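The next block holds one structure in the form of structure tokens; read it before the comments.
Nothing in this text is a laboratory measurement; each read-out follows from the coordinates by a stated rule. Owing to the predicted nature of the structure, the values given are computational and were not obtained by experimental measurement. Here Cβ is always computed from backbone atoms with ideal geometry, including for glycine, and neighbour counts include all displayed protein chains.
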Amino acid sequence: MARGLAVLALVGLSAVVSACGSRPLRPTIRILASRVIGADVILRVKVTGWTMAAPRQGSVPRPRTGQWQIFAGDRYAGFSYEPSYGIITGLPIGTYKVWVALARTDYSLVYPLIRSQPITVHVTANRVYGAETE
């Protein structure tokens, strides 16, 4: 009798887990690595549950499709629709909290906001490839 109840409990638990697993997971984005070269910051990211697509003004956004935007502090710094990397160019010398967030093909951020944890980057020179920038 006890063994039968244990089997029923396991079957019931697996049904609950299966039901929970059938819902699509919320998309995610996180920064894996960064590299500062002169005034540029190169980011390597991991995006899950999201299809990359170039921005298109005026088009109706498809669900779970778009780009990711890059922020330095609270300021927009660029975007990428590459699945694993993006670049911020021409940052002034300083220390920045950089984070990324998913956006639709119409440039609008996903709400509620789907964003990474911030990372700190230090831009120590406004040189690009050994030449002064203005």
| said: Can you tell me the length gained on complete extension of the stretch Thr124 to Tyr111, counting 0.36 nm per residue apart and subtracting the Cα distance? | reply: 1.2 nm
| Among Ala77, Thr48, Val123 - extreme Cα towards positive end, dipole of the range 26-132, charges at beta-carbon | Thr48
| field | Cβ charges +1 (Lys, Arg) and -1 (Asp, Glu), total dipole of the range 26-132, debye | value | 400
| Which whole-number percentage describes the relative contact order of the range 26-132, with Cα contacts under 8 Å and a sequence gap of 6 or more? | 32
| Convex hull over the Cα atoms of the range 26-132, averaged projected area in nm²? | 6.7
| query | Label-point separation (nm) for Thr89 and Lys46, each offset 7 Å from Cα along Cα-to-Cβ? | reply | 2.9
